[in-house]
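To keep things clear, I will list the structure first and then write my remarks on it.
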Amino acid sequence: MTSTKEQNPRKVSIFAKTLYKELKVQGFGARDVISLAGELLGMVTSEVRTQADAEEE
């Protein structure tokens, strides 16, 4: 889900809380949540690098 328009920070916060609660209900622990956060950051980093490389060309 790539969007060029800015999202409401409150929506993102609500989504994060909902996702966290659901992960806990499903039995995921703190290490799992941290691992997920790392994976998400890695994906975003890769996307930003790809976009930056495309803009340089």
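The values are calculated or read from the model by the stated rules, or taken from the named source; none is laboratory data. Because the structure is predicted, anything quoted here is derived from the model rather than measured. Neighbour counts run over all protein chains shown; Cβ positions are idealised from the backbone, glycine included.
If I go through the range 15-33 residue by residue, how many of them are surrounded by fewer than 10 Cβ atoms within 10 Å (Cβ to Cβ) and part of a helix (DSSP H, G or I)?
The first filter runs over the range 15-33 and keeps only residues surrounded by fewer than 10 Cβ atoms within 10 Å (Cβ to Cβ), leaving 25-27, 30-31.
Add one more test, that the residue is part of a helix (DSSP H, G or I), and what stays is 25, 30-31.
Residues meeting the conditions: 3.
For GLU55, are the conditions met, namely being outside any helix (DSSP H, G or I) and either exposed (fewer than 10 other Cβ atoms within 10 Å of the Cβ) or touching a residue at least 12 places away in the same chain (Cβ under 8 Å) (or both)? I'd like the intermediate steps shown before the answer.
On the way: outside any helix (DSSP H, G or I): no; either exposed (fewer than 10 other Cβ atoms within 10 Å of the Cβ) or touching a residue at least 12 places away in the same chain (Cβ under 8 Å) (or both): yes.
So GLU55 does not fit the description; no.
For the range 1-23, state whether one or more residues are small (Gly, Ala, Ser), modelled with pLDDT under 90 and out of contact with any Pro (no Cβ under 8 Å at 6 or more places or on another chain). Checking the range 1-23: at least one residue is small (Gly, Ala, Ser), modelled with pLDDT under 90 and out of contact with any Pro (no Cβ under 8 Å at 6 or more places or on another chain).
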